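Asks: I'd like to ask some things about the structure below.
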Amino acid sequence: MKSFHPRLLKPGRYFMQGNIATAEAALIAGCRFYAGYPITPSNEIAEWMSRRLPEVGGVFIQMEDEIGSIVAVLGASAAGVKAMTATSGPGFSLMMESVGLASMMEIPAVIVNVMRAGPSTGIPTLVGQGDIMQAKWGSHGDYEIIAYLPSSVQEVFDMTIKAFNMAEKYRVLTIVLSDQVIGHMIGKLVVPDYEEIEIIDRELPDVPPEKLVYPFDNSRLIPPMPIAGAGYRVNYDSLTHDERGYPSVDRDVSFRLVSRLVRKIRENEKAIAEWEEYYTDDADILLVAYGCTARSAKEVVKKLRRENIRIGLFRPKTAWPFPWWRMNELSKRVSKIVVAEINMGQMLHLVREYSARDVEIVHVPYAPGYMPPPSYIENIVRGVYGA
Amino acid sequence: MILRIRIGGLGGHGILLAGRVLGTAAIYAGYDAIMTVAYSPEQRGGWSKADLVISDSEIDYPYIDEADILIVTTQEMFEREFKSLVNNGYLIYESSLVKPSQTSLNVRSIGIPAISLAEKTVKRRIAMNMVLVGGVTALSKIIDPKHVEEAIRSTVRKGTEEMNVKAMYAGYDYVRQLLY
Amino acid sequence: MSSSDRFRLREFAVTSLTKYYEGLEQVIRTDRMPHIFCPGCGLGIILKGLAEAILKSGIPINRHVGVSGIGCTGRLPGYLRIDAYHVTHGRAVAFAVGLKLANPELEVTVVGGDGDIVTIGGNHFIHAARRNHDINVIIVNNFIYGMTGGQYGATTPTGSYTTTSPYGHVEYPFNIPLLAYASGATFIARWTPIHYAQMVDAFLQMFEHKGFAVVEIIAPCVLYGERNRFPSYTDMVKYFRDRCVIDHEADLRKIGISLDPKEPLVIGNFYKVRRKTYEELYKELIERVSKEGAKE
């Protein structure tokens with residue numbers, strides 16, 4: 001039985017801002033360290049954490065930049081404390097180097113990226129969905145991450161807890177790809193009884209320190225994690241390392257390590273990936289949308305269904321791993337797919353890659369900064385449908 | 001059922017808090033609610049606006065183009081937002097701060113002397129926003145004032161609950177007397 | 001060189017290094033010998049000195065944590081039998097900040113080169129110093145990027161020849177003790193590996209000190225030497241022996257390093273002041289919040 005700090009957000013019903021729900025969820029998940037740098041539109045998360053963390057005995061620090069923020073988060077996690085940062089746009093770009101570091105050292109951590117309009121400084125106060133690809137491919141080399149796509153205040157809360165759980169379970173960096181609309185929206189949040197909330201902690205070595213020989217044992221997909229000061233005296237290396245943690249340039253060492261780093265996620269993708277389907281059973285036209293855009297898409301489906309138009313919604317709740325097998329199955333059952341997102345075509349690539357060849361795929365890009373209203377998507381769908 | 005409420009005023013009028021109280025009350029009453037907030041570009045002294053959607057079914061698109069109820073506490077926001085009121089919509093305004101310069105046959109206007117009511121009942125002008133919240137509660141009829149009271153108690157700063165609840169009931173009674 | 005020659009040379013290196021680190025096996029990963037440091041490099045001596053200081057520190061070895069970034073110096077903590085984190089280039093100080101805040105019981109020591117700590121990592125360094133985190137930073141200053149082949153960095157003396165300053169370096173170098181002082185470090189020392197006993201003593205003082213401690217070790221690098229009138233391994237050591245002046249009271253403004261043969265190389269334990277650390281202040285903050293309640 002887990003113990004929950006008495007000052008955590010109590011079970012009950014709330015009308016809460018997405019960013020604040022994110023922070024409260026992190027605290028419930030066990031996050032006790034936050035390092036960040038001010039950036040719009042993620043600031044409420046840092047501000048809330050600076051107020052709340054000391055209450056539950058945790059530490060907040062505002063670092064000199066986003067690079068330092070994510071690195072300090074990894075340091076704290078290496079010492080055994082669940083840790084997170086939140087950022088947006090340019091700050092997320094600055095963190096990319098350490099996405100690889102987290103992957104290589106297998107240090108669990110959570111980044112909340114409240115997506116805003118880009119590229120570059122873009123429109124700091126307004127929404128974007130342009131970081132879908134960056135979240136997975138932004139750092140150099142081969143690695144895997146997990147990325148969630150919340151669509152509501154409730155979901156950003158649930159997914160932030162889940163992000164910590166997955167980070168701990170797989171020793172992997174997990175990203176919550178929130179966005180400005182979800183982050184700033186004030187909406188309904190139901191905090192369930194704590195007993196109903198699953199909290200996962202990383203597996204620690206169960207052998208005494210003097211016996212642990214291979215902290216990066218490749219015979220297990222996810223080796224237990226020795227934490228700093230526990231006596232295992234482990235060398236964690238950002239260099240390619242062998243099972244002892246020692247740097248190596250050996251071909252087999254490199255292959256075994258890097259393939260394990262990706263296999264631990266790929267072999268578990270069906271357990272990790274999540275999605276929502278709405279009226280897909282008999283759909284002939286499939287809308288694909290995620291995050292805030294999925295809210296407009298859902299309204300479109302509701303409206304067109306009233307006209308007996310056979311339309312359904314496929315909403316990936318994880319961008320990474322992408323539920324590609326389900327995408328593939330659905331694509332075989334429909335004649336047309338419409339992908340709506342606030343960018344010039346990012347999830348479009350995934351939909352194209354995994355859809356059946358003969359299906360027609362239409363992309364609905366939308367101006368970075370603005371959430372497409374239902375009417376906009378509706379008009380395009382009507383055009384595609386010929387109704 | 002869907003109810004769209006737009007609240008506009010000056011930063012410092014407690015616009016956001018009024019919206020949060022109404023939204024929280026709606027959640028307590030079992031509805032779905034979503035609020036989006038907008039501000040003038042300046043960090044201090046500018047206008048602020050809260051759009052609240054309350055529905056008995058799940059709300060998808062969070063933004064509104066038009067409002068069923070418009071509440072304004074500045075002339076500027078009245079001029080800016082009056083056009084967003086739907087036919088048969090309600091305009092609620094703080095009657096010492098706003099003088100409606102235009103009207104429409106299809107709009108029902110209710111001026112509430114919220115500042116003086118706040119001053120009279122709790123001796124704090126700042127509780128003006130809660131008087132207006134009470135007024136909306138009486139008007140909308142979908143939220144029980146008990147839920148609003150509960151929402152106030154869970155939302156406002158500790159120690160100010162009683163004052164805010166009193167102010168809310170002052171506004172509630174004022175509008176009820178007008179209506180019935 | 002034939003492969004059997006190479007094997008014999010390696011064996012010789014292993015034997016001599018194992019002998020050099022004899023008695024320190026508890027804290028040095030002798031199974032990793034030979035280390036990657038060139039003959040004539042100062043890092044082997046610094047490794048030995050740090051290992052000795054860790055043993056003498058009175059702090060359990062299990063509580064010592066080493067953090068480093070990229071570069072020759074970045075490899076040093078990996079040869080220590082302690083928890084060590086060899087992170088990305090420039091990020092060691094930020095990582096150390098996270099470690100220390102998460103577990104203030106840890107004795108966190110960053111070991112990095114001039115490129116790692118004050119060039120690419122400069123921003124993390126000055127801000128961690130300003131906040132006075134209770135961490136130790138050993139900066140091995142060899143005036144050059146060694147691992148990448150000898151490019152200039154933020155401490156390369158004006159006029160130096162490096163692979164990226166083939167016509168002579170036109171920039172002014174950082175004066176690390178002055179930079180540390182201005183940034184808020186609360187313990188500042190500078191030594192060279194040939195001042196072995198004083199160096200070990202400075203490490204011990206650094207462990208004992210509560211606050212941001214900076215020890216700069218001016219170290220010989222053959223890559224720097226061969227281009228800058230120290231052609232043989234021993235030339236730089238001779239230079240240290242002849243030019244070093246110990247002055248604990250030195251005016252930090254006047255101890256920048258130049259190539260002028262008439263200028264002394266000033267070393268010593270320059271500065272020490274007790275000021276509340278970030279960790280202490282934050283602990284007080286937590287106590288205050290739990291007593292007085294949270295902010296509304």
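The values are calculated or read from the model by the stated rules, or taken from the named source; none is laboratory data. Model, not experiment: these values are computed from the prediction. Positions of Cβ are generated from backbone atoms using ideal geometry, with glycine treated the same way; all protein chains shown enter the neighbour counts. These accessible areas exclude ligands, DNA and RNA; they are computed on the full protein's heavy atoms, side chains included. Shrake-Rupley method; radii C 1.70, N 1.55, O 1.52, S 1.80 Å.
Asks: Sort through C:Y271, C:Y278, C:Y196, C:Y239 and tell me the only one that's within 14 Å of chain A (Cβ to nearest Cβ) and either among the hydroxyl-bearing types (S, T, Y) or within 26 Å of C:T162 (Cβ to Cβ) (or both).
Replies: C:Y278
Asks: Among what's in the stretch C:97-119 and is of a type in the set (D, E, K, R) and under 15 Å from the mean Cα position of the chain (by Cα), pick the residue that is nearest to the other protein chains (Cβ to nearest Cβ).
Replies: Step one: of the stretch C:97-119, the residues of a type in the set (D, E, K, R) are C:100, C:105, C:107, C:114, C:116.
Retained after the next criterion (residues that are under 15 Å from the mean Cα position of the chain (by Cα)): C:114, C:116.
Details: C:D114: 19, C:D116: 12 Å.
Checked the stretch C:97-119; the qualifying residue nearest to the other protein chains (Cβ to nearest Cβ) is C:D116.
Asks: I'd like the full set of residues that are within 19 Å of C:I28 (Cβ to Cβ) and either of a type in the set (K, R) or at the interface with chain C (Cβ under 8 Å from one of its Cβ atoms) (or both), limited to the stretch A:240-269.
Replies: Answer for the stretch A:240-269, where residues must be within 19 Å of C:I28 (Cβ to Cβ) and either of a type in the set (K, R) or at the interface with chain C (Cβ under 8 Å from one of its Cβ atoms) (or both): A:R244, A:Y246, A:P247.
Asks: If the requirement is being out of contact with any strand residue (DSSP E or B) (no Cβ under 6 Å at 6 or more places or on another chain), exposed (fewer than 11 other Cβ atoms within 10 Å of the Cβ), part of a helix (DSSP H, G or I) and modelled with pLDDT under 90, which of these qualifies: C:K262, C:K291?
Replies: Working: C:K262 fails: part of a helix (DSSP H, G or I).
So the residue among C:K262, C:K291 that is out of contact with any strand residue (DSSP E or B) (no Cβ under 6 Å at 6 or more places or on another chain), exposed (fewer than 11 other Cβ atoms within 10 Å of the Cβ), part of a helix (DSSP H, G or I) and modelled with pLDDT under 90 is C:K291.
Asks: Can you name every one of the helices (runs of 4 or more DSSP H) wholly within the stretch C:173-236 that holds 2 or more residues which are surrounded by 24 or more Cβ atoms within 10 Å (Cβ to Cβ)?
Replies: So the answer is C:176-183, C:196-208.
Asks: Can you confirm whether A:L204 is aliphatic (A, V, I, L, M), in contact with a strand residue (DSSP E or B) (Cβ under 8 Å, 6 or more places away or on another chain) and not assigned by TED's automatic domain parsing to the domain that holds A:I161? Before you say what the answer is, go through the steps one by one.
Replies: Values: aliphatic (A, V, I, L, M): yes; in contact with a strand residue (DSSP E or B) (Cβ under 8 Å, 6 or more places away or on another chain): no; not assigned by TED's automatic domain parsing to the domain that holds A:I161: yes.
No.
Asks: Looking at (1) of a type in the set (A, V, I, L, M, F, W, C); (2) farther than 15 Å from B:G9 by Cα; (3) at pLDDT 95 or above, which is the one condition that is false for B:L70?
Replies: Going through the list (1) of a type in the set (A, V, I, L, M, F, W, C); (2) farther than 15 Å from B:G9 by Cα; (3) at pLDDT 95 or above, B:L70 breaks only (2).
Asks: Quick one: which strands (runs of 3 or more DSSP E) lie wholly within the stretch A:82-157 and hold at least 1 residues that are open to solvent by 30 Å² or more (accessible area, probe 1.4 Å), on the phi < 0 side of the Ramachandran plot and not charged (D, E, K, R)?
Replies: Those strands (runs of 3 or more DSSP E) span A:123-127.
Asks: Could you tell me whether C:S4 is of a type in the set (G, A, S), in contact with a helix residue (DSSP H, G or I) (Cβ under 9 Å, 6 or more places away or on another chain) and surrounded by fewer than 20 Cβ atoms within 10 Å (Cβ to Cβ)?
Replies: In short, no.
Asks: Of all residues in the stretch A:257-294, which are open to solvent by 40 Å² or more (accessible area, probe 1.4 Å), assigned to a loop (DSSP other than H, G, I, E, B) and farther than 30 Å from A:S219 by Cβ?
Replies: Residues satisfying the conditions are A:Y279, A:D281, A:D282, A:D284.
Asks: To continue, here is another question. In the stretch C:38-69, how many residues are under 18 Å from C:I218 (Cβ atoms) and more than 15 Å from the chain's Cα centre (by Cα)?
Replies: So the count comes out to 2.
Asks: Do we find a residue being more than 22 Å from the chain's Cα centre (by Cα), open to solvent by 10 Å² or more (accessible area, probe 1.4 Å), facing chain C (nearest Cβ under 8 Å) and among the β-branched types (V, I, T) anywhere in the stretch A:60-70?
Replies: no
Asks: Then there is this: Say whether the condition of being over 27 Å from C:V108 (Cβ atoms) and free of Cβ contacts under 8 Å to residues at least 40 places away in the same chain is met by at least one residue in the stretch A:123-134.
Replies: Taking every residue of the stretch A:123-134 in turn, none turns out to be over 27 Å from C:V108 (Cβ atoms) and free of Cβ contacts under 8 Å to residues at least 40 places away in the same chain.
Asks: Identify the single condition in (1) within 30 Å of C:E279 (Cβ to Cβ); (2) at pLDDT below 95 that C:F187 does not satisfy, given that it satisfies every other one.
Replies: (2)
Asks: Let me ask you something else. Please state which of the following conditions A:P6 fails to meet, knowing it meets all the rest: (1) on the phi > 0 side of the Ramachandran plot; (2) modelled with pLDDT under 95.
Replies: Looking at each condition in turn, A:P6 falls short on (1).
Asks: Another question, then. Counting only residues that are among the charged types (D, E, K, R), in contact with a helix residue (DSSP H, G or I) (Cβ under 8 Å, 6 or more places away or on another chain) and surrounded by fewer than 24 Cβ atoms within 10 Å (Cβ to Cβ), how many does the stretch A:321-342 have?
Replies: 1
Asks: What's the number of the only condition in (1) at the interface with chain C (Cβ under 9 Å from one of its Cβ atoms); (2) touching a Cys at 6+ places or on another chain (Cβ under 8 Å); (3) open to solvent by 10 Å² or more (accessible area, probe 1.4 Å) that A:R7 fails to meet?
Replies: (2)
Asks: Looking at the stretch A:30-42 only, could you name the residues that are within 14 Å of chain C (Cβ to nearest Cβ) and either open to solvent by less than 10 Å² (accessible area, probe 1.4 Å) or in contact with a His (Cβ under 6 Å, 6 or more places away or on another chain) (or both)?
Replies: A:C31, A:F33, A:Y34, A:A35, A:G36
Asks: Residues in the stretch A:14-29: is at least one within 14 Å of chain C (Cβ to nearest Cβ) and touching a Pro at 6+ places or on another chain (Cβ under 8 Å)?
Replies: no
Asks: With the stretch C:40-139 as the region, which helices (runs of 4 or more DSSP H) entirely inside it contain at least 3 residues that are open to solvent by 10 Å² or more (accessible area, probe 1.4 Å) and either of a type in the set (A, V, I, L, M, F, W, C) or closer than 17 Å to A:G68 by Cα (or both)?
Replies: C:122-131
Asks: Something else now. Looking at (1) open to solvent by less than 30 Å² (accessible area, probe 1.4 Å); (2) free of Cβ contacts under 8 Å to residues at least 12 places away in the same chain, find the lone condition where A:A46 falls short.
Replies: All conditions are met except number (2).
Asks: Going residue by residue through the stretch A:86-94, is there one that turns out to be closer than 20 Å to C:Y282 by Cβ and either in contact (Cβ under 8 Å) with a residue 40 or more places away in the chain or within 7 Å of chain C (Cβ to nearest Cβ) (or both)?
Replies: The answer is yes, given that some residue of the stretch A:86-94 is closer than 20 Å to C:Y282 by Cβ and either in contact (Cβ under 8 Å) with a residue 40 or more places away in the chain or within 7 Å of chain C (Cβ to nearest Cβ) (or both).
Asks: Mind listing whichever residues of the stretch C:147-168 are more than 19 Å from C:M236 (Cα to Cα) and crowded, with 17+ Cβ neighbours inside 10 Å?
Replies: C:A154, C:S165
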